[in-house]
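Engineer: My questions all concern the structure below.
The values are calculated or read from the model by the stated rules, or taken from the named source; none is laboratory data. Fair warning: this is a prediction, and the values are worked out from it, not measured in the lab. Cβ placement follows ideal geometry from the backbone for every residue including glycine, while neighbour counts extend to all protein chains displayed. For the accessible areas, the whole protein counts, side chains as well, though only heavy atoms, and no ligand, DNA or RNA atoms are used. Shrake-Rupley method; radii C 1.70, N 1.55, O 1.52, S 1.80 Å.
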Amino acid sequence: MKLGIITPHFAPDLAPTGTVITRLVEELAARGHRIDVVTALPWYRLHRVEPEFAGRLRRVEDTPWGRITRLHPFPASDKRNLMARAVSFGAFTTVAGVSATRGERLDGVLAVSPPLTIGLAGWMAARARHSSLVFNVQDVFPDVAIELGALRGARTIAAAHRLERLCYKLADAVTVLSDDLKDNVAAKTDASKVRVIPNFVDIEAIRPGERDNAYRAEFGLKGKTVVMYAGNVGLSQSLEMVIEAAGALAYEESLVFVINGEGAARSDLEAKAKGLPNIRFVGMQPAARLGEVMAAGDIHLVPLKRGLARSSVPSKTYSILAAGRPIVASVDEGSEVARIVERAGAGIAVPAEDAEAMTKAIRKLLDSPEEMQRMGAAGRSFVEGWASPTAVAAAYEELFEELKR
């Protein structure tokens, strides 16, 4: 098949979604498909275009499996400024949609959100190139923005919901990551359109590894017990609880909390952590180093603000499982993340935004090293049989073939 993919991130961009979509393209290419990718110039790490890609609004790369067209993302300078972000999303969607309409007939288009507006770009491309449209929902917007309080006002929220429903209506199929997200989306559109295809983790690239590795040596963590948060340091994560837990457990001399990543909330968190000797902030690491980062943590944290675990499934969850490390997930009870942790026997799930419960869960694991080891092994075993790149690519291939008929 000849496929088109519109995604806000693609390698070498470091965004988790970009990593997933890049591997999906590689898997589809290995199955013999030709692919046109329309994406943004890499910008996630610095929240501006990477220096080696700066200076041009558009770059085109031909590959053995197709073509990558990279466009300026028009990033908002302040992620907290909703209007600026809306303008940024609108500008990128417009140029991506126009760019994706050019070319020969396609057998299918995959549009990856957020931003929600990518659904409109996908519809433009699918209509111009006579193909079906699959709209992939990584996070359900505007629900996430409403829960965070970033989207306010009855009229604004109503307009965002209308756009959401329009994007679902224009798509031939909508893919989501979990049953929670399926229930959410199916209540807003034709339920028969909605399919669950999980993200995957590269279980070969991320494996249980030595704890005292080069990452630990570089950041002064040799011989320490490390509680790790690795991911976006943004508005969706309740990372203030990590600071609280670090303060509550500061009497443990060998215990260090690490927040590895960048994002809109980092400067505020660093200010709140001032004076705590047992917390370290580390900048975002290259994608090739992800396995090493995961191995460096003895316990990994997945903290989401209340209400968000029903609209989002952090990809870091799969990476932690693959690394064979126990998870403490602070998420909505009964959500997909909580169910994964419990079903895999890979850690402890506690209620969202409950700092005391999260601290007690960390303490419980620290007191049970053999249980930590068992949980890590159970998580690895679970993910090996559940979410491989090959299986996910096959599911998308089958869906596009179905839509062709």
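Engineer: How big is D, in µm² s⁻¹, for the range 1-157 by Stokes-Einstein at 25 °C and 0.890 mPa s if Rh is the Kirkwood radius over C-alpha pairs?
Structural biologist: D = 154 µm²/s.
Engineer: Using a simple spin-label model with points 7 Å from Cα along the Cα→Cβ vector, what separation in nm is obtained for ARG152 and ALA288?
Structural biologist: Taking the simple label geometry, ARG152 and ALA288 are separated by 4.6 nm.
Engineer: Kirkwood hydrodynamic radius of the range 240-302 from all distinct Cα pairs, in Å? Spell out each step's value before the answer.
Structural biologist: Numbers: mean 1/r = 0.0795 Å⁻¹.
The Cα-based Kirkwood calculation yields 12.6 Å.
Engineer: I need the peptides 293-300, 226-233 ranked by packing, meaning the mean over residues of other C-beta atoms within 10 angstrom, with the highest value on top.
Structural biologist: Details: 293-300: 25.0, 226-233: 23.4.
The peptides rank, most packed first, as 293-300, 226-233.
Engineer: Kindly state, to the nearest 0.05, the FRET efficiency for LYS274 paired with LEU163, given R0 = 35 Å and r defined as their beta-carbon distance. Walk me through the intermediate numbers first.
Structural biologist: Values: r = 41 Å, r/R0 = 1.17.
With a Förster radius of 35 Å, E is 0.30.
Engineer: What share of all Cα pairs of the range 289-405, in percent, falls into each consecutive 5 Å distance bin?
Structural biologist: Calculated P(r), rounded to whole percents: 2, 12, 20, 21, 19, 12, 6, 4, 3, 1, 0, 0.
Engineer: Before I look further, what does the range 126-263 give for accessible area per residue, probe 1.4 Å, in whole square angstrom?
Structural biologist: Details: 5790 Å² over 138 residues.
So the range 126-263 comes to 42 Å² accessible per residue, rounded to a whole number.
Engineer: Hey, if you put +1 on the Cβ of every Lys and Arg and -1 on every Asp and Glu Cβ in the chain, which of TRP123, HIS33, GLN285 ends up farthest toward the positive end of that dipole?
Structural biologist: TRP123
Engineer: Let me ask you something else. With each pseudo-label sitting 7 Å past Cα toward Cβ, what's the ALA84-GLU384 distance in nm, one decimal?
Structural biologist: Distance between the two pseudo-spin positions: 4.8 nm.
Engineer: Just want the answer: with Cβ charges of +1 for Lys and Arg and -1 for Asp and Glu, which residue in ALA84, PRO369, GLY307 is farthest toward the dipole's positive end in the chain?
Structural biologist: Projecting each Cα onto the dipole axis, the largest value belongs to ALA84.
Engineer: Then there is this: Compute the relative contact order of the range 57-152 as a whole-number percentage, counting only Cα pairs closer than 8 Å that sit 6 or more residues apart in sequence.
Structural biologist: Relative contact order of the range 57-152: 21 percent.
Engineer: Contour minus end-to-end for GLU104 and GLU342, with contour as 0.36 nm per residue of separation and end-to-end as the Cα-Cα distance?
Structural biologist: Contour length minus the Cα-Cα distance gives 81.0 nm.
Engineer: Ok, one more. Measuring from label point to label point, each 7 Å out along Cα→Cβ, what is the GLU333 to ASP354 span in nm?
Structural biologist: So the two model labels end up 0.6 nm from each other.
Engineer: At q = 0.12, 0.21, 0.23 Å⁻¹, what is the log10 ratio I(q)/I(0) for the range 154-256, with the Debye formula run over Cα points and no solvent?
Structural biologist: Per q value, in the given order, log10 I(q)/I(0) is -0.73, -1.16, -1.26.
Engineer: Moving on. Counting only protein heavy atoms, what percent of the accessible surface of the chain is carbon or sulfur at a 1.4 Å probe?
Structural biologist: Working: 8560 of 16750 Å².
Accessible surface attributable to carbon and sulfur in the chain totals 51 percent.
Engineer: Counting only helical runs of four or more DSSP H residues, what would the 222 nm mean residue ellipticity of the chain come to if each run contributes -39,500 (n - 2.57) and the total is spread over all its residues?
Structural biologist: Mean residue ellipticity, 222 nm, calculated: -12500 deg cm²/dmol.
Engineer: While we're here: Quick one: dipole size for the range 296-405, taken about the Cα centre, charges +1 on Lys/Arg Cβ and -1 on Asp/Glu Cβ, in debye to the nearest 20. Walk me through the numbers before you get to the answer.
Structural biologist: Values: 14 positive and 16 negative charges, 25 e Å.
Its charge dipole is roughly 120 debye.
Engineer: Run the 1.4 Å probe and let me know the accessible area of PHE135, rounded to the nearest 10 Å².
Structural biologist: Probe radius 1.4 Å; accessible area of PHE135 about 0 Å².
Engineer: Which percent, nearest 5, of DSSP beta bridges in the chain are antiparallel?
Structural biologist: On the way: 7 of 55 bridges.
For the chain, the DSSP antiparallel bridge percentage is about 15.
Engineer: Round to a whole angstrom and tell me the spacing of the C-alpha centers of the range 57-77 and the range 175-249.
Structural biologist: When both Cα centres are located, 27 Å separates them.
Engineer: Between ALA377 and ALA264, what is the FRET efficiency for a Förster distance of 30 Å, r being their Cβ-Cβ separation, to the nearest 0.05?
Structural biologist: E(calc), rounded to 0.05, equals 0.25.
Engineer: Determine, for each peptide in 154-161, 84-91, 3-10, the mean count of other beta carbons within 10 angstrom over its residues, then list the peptides with the highest first. Spell out each step's value before the answer.
Structural biologist: On the way: 154-161: 12.8, 84-91: 16.2, 3-10: 25.4.
Descending packing order for the listed peptides: 3-10, 84-91, 154-161.
Engineer: Can you work out ³J(HN,Hα) from phi for every residue in the range 319-325, in order, using Karplus 6.51 cos²θ - 1.76 cosθ + 1.60 and θ = phi - 60°, giving whole Hz and x for Gly and Pro?
Structural biologist: Listing the rounded values in order: 5, 5, 4, 5, 6, x, 10 Hz.
Engineer: Just how large is the dipole of the chain about the Cα centre, in debye to the nearest 20, putting +1 at every Lys and Arg Cβ and -1 at every Asp and Glu Cβ?
Structural biologist: Approximately 1260 debye in magnitude.
Engineer: Can you pull out the GluC sites (Glu not before Pro) in the range 1-99 that DSSP calls coil and that have at most 11 other Cβ atoms within 10 Å?
Structural biologist: Passing sites in the range 1-99 do not exist.
Engineer: First measure r as the distance between the Cβ atoms of VAL60 and ALA187, then evaluate 1/(1 + (r/R0)^6) with R0 = 41 Å and state the FRET efficiency to the nearest 0.05.
Structural biologist: Result of the calculation: an efficiency of 0.50.
Engineer: Sticking with this structure for a sec: Which translational diffusion coefficient, to the nearest whole µm²/s, is obtained for the chain from the Stokes-Einstein equation, given a Kirkwood hydrodynamic radius over C-alpha pairs, 25 °C and 0.890 mPa s?
Structural biologist: 113
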